[in-house]
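Structure, as structure tokens:
Bear in mind these aren't lab numbers, they're just calculated from the coordinates by the rules spelled out. Values in this document were obtained by computation on a predicted structure and should not be read as measured data.
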């Protein structure tokens, strides 16, 4: 699964997806021509596509001239995979980087699209045409929506902290094994641990480094870690890595991400910030729920007294991790997949990667 900017060569596949959809169907397909698509992509605004196996599974196009979302459509075969949300967020981030003017769209009432836009923070402002609902998003609304998304993840992990270390969690335990296996032959002066959680990896990293800055979004997870690890070599920090990384000015030999990036939409921002704080000979380790697991519907989830709570997640393909790292001046050193019970006839559970700075 690859997300990228659209270009004119994508128009034939974009048109195919547009005509496959079951909601907001064009009454006359000839009303939207290839030339129209090209104009919106190159003159009026910008578009993005999601590719799966070299075929476009969804696309989104914003129109700066009319301050409008011109299109956001997903191939019905690839619905409910998080593609629409990622395309939406990429598009709206770009739109508000270009202008502060509110953006609007319209959609048929009583559709999944209507529900999607309401959940995404859009506000109904009237009727468009004969019967479509007209929605609007302001820049202030978008900023608040993004803050709310981070807050939802933070609240979920605050709740999860009470049981995180007590329950069986094969993803947590296999990622721990991956980190220790890939880093066991190395020593570090200082480490930046992103997503330290309750300290499951912090204790082990402490024996392989002189100092650790351990960062997590959840203050309750950090509280658990602080009770387990009492060392002046570890500094615990509560921070949202979607924002600027103002929590440290140090350069690090090792930066780790453990089961974090599935909760991040904009990987480019993360890799850019990490690359800036990596020593010339340093490395970045990431251990994530394998994309193949995510494609089957697996997500971070935990039991509460009210039932199962699922944490908001984003699907990132292997190539997306590598491409984003490359754009931030990093290159692949090691890539390894980890399987439950070492059974390679199964879908792998953990993807573990080490990046280093390009020479």
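The table below gives the values:
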quantity	calculated
For the chain, the spread of Cα positions along each principal axis, largest first, Å	66, 48, 44
Debye-sum result for region 91-168 in log10 I(q)/I(0), which assumes one identical scatterer on each alpha carbon, at q = 0.15, 0.18, 0.24 Å⁻¹	-0.65, -0.79, -1.09
Highest-fluctuation residue, 288, 303, 175 considered, GNM on the chain with Cα pairs under 10 Å	303
Cα shape, region 2-137, gyration tensor, a/c 1.5 rule	rounded
Equivalent ellipsoid dimensions for region 10-84 as semi-axes, Å, which come from the Cα gyration tensor, largest first	19, 14, 12
Isotropic mean projected area of the C-alpha convex hull, region 131-195 (nm²)	9.0 nm²
Residue among 274, 156, 214 with the largest mean-square fluctuation in a Gaussian network model of the chain, springs linking Cα atoms under 10 Å	156
Three-way shape call for region 150-357 based on the alpha-carbon gyration tensor, with the a/c threshold at 1.5	rounded
Viscosity 0.890 mPa s, 25 °C: Kirkwood-radius Stokes-Einstein D of region 236-281 over Cα pairs, µm²/s	214 µm²/s
Rounded tilt (10° steps) of 139-160 against the dominant C-alpha axis of the chain	40 degrees
The chain: angle of helix 11-20 to the longest principal axis, Cα-based, in degrees nearest 10	80 degrees
Per residue convex hull volume, Cα atoms of region 160-282, in Å³	105 Å³
Of 18, 80, 172, the one that fluctuates the most in a GNM where the chain has Cα springs shorter than 10 Å	80
C-alpha long axis of helix 219-228 to longest principal axis of the chain, angle in °	10 degrees
